[in-house]
Amino acid sequence: VTQSAHDAIITADSAGIIVDWNRGAERIFGYAEAEIAGQPLTLLMPDRFRDLHRAGLNRVLSGGESHVIGKTVELEGLRKDGAKFPLELSLAQWRSAGSSYFTGFIRDITERKQTEHALHLRDRALEACPNAVVITSATGPEFPVEYVNPAFERITGYSAAEVIGRS
């Protein structure tokens, strides 16, 4: 099942050493399982995260609070070729035969971040546009207004609150 997953699924032992690696991880990070097994997880992290990782691992293993286990967080990963990329990590801790293990489910979110950035730029452009912009729904009765920019409010005298949702 893990080998068929599109996302990376990586398991490390309590020392932070990689013990399992799926094809998704190979595709995302660029390492074959044979060359990454037995290596430290820190190999997959930019330098600035390595000390934080080690401190967090030590804190959790000594019974302290975890900041990422059971949560989904956005971080930055490091590919074999040295390229950094944004990722989403969901981390679980589990025990087997008296030992602790950590399994991370990792998704490359490069495309999502690029889309978010492009949308942010478009939003800034619409907000700064000197001409009135009105966006309406393409469906529904009478095509209700979904967005107006500040120029619309300035030119027409209507506030966004007054027109959004109306035809």
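The values are calculated or read from the model by the stated rules, or taken from the named source; none is laboratory data. Every value quoted in this text rests on a predicted model; they were computed, and no experiment measured them. No Cβ is skipped: glycine too gets one built from the backbone with ideal geometry, and neighbour counts run over all protein chains shown. Keep in mind that these areas ignore ligands, DNA and RNA; they rest on the heavy atoms of the full protein, side chains included. Shrake-Rupley method; radii C 1.70, N 1.55, O 1.52, S 1.80 Å.
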Residue list for region 85-105, restricted to those being more than 13 Å from Ala8 (Cβ to Cβ), in contact (Cβ under 8 Å) with a residue 12 or more places away in the chain and over 13 Å from the mean Cα position of the chain (by Cα): Ala92, Gln93, Ser99, Ser100, Tyr101, Phe102
Members of region 16-54 found to be hydrophobic (A, V, I, L, M, F, W, C) and in a helix (DSSP H, G or I), listed by number: Ala25, Ile28, Phe29, Ala34, Ile36, Leu41, Leu43, Leu44, Phe49, Leu52
Every pair of residues 6+ apart whose Cβ atoms lie under 9 Å, when the first sits in region 138-162 and is on the phi > 0 side of the Ramachandran plot while the second is polar (S, T, N, Q) and open to solvent by less than 40 Å² (accessible area, probe 1.4 Å): Phe143/Ser137
Qualifying positions in region 8-38 - under 22 Å from Ile69 (Cβ atoms), of a type in the set (Phe, Trp, Tyr) and open to solvent by 10 Å² or more (accessible area, probe 1.4 Å): none
Selection status of Arg54, modelled with pLDDT under 95, among the charged types (D, E, K, R) and surrounded by 12 or more Cβ atoms within 10 Å (Cβ to Cβ): yes
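At least 3 residues that are charged (D, E, K, R) and open to solvent by less than 100 Å² (accessible area, probe 1.4 Å) in each: list the helices (runs of 4 or more DSSP H) lying fully within region 62-167 that qualify.
The qualifying helices (runs of 4 or more DSSP H) are 110-128.
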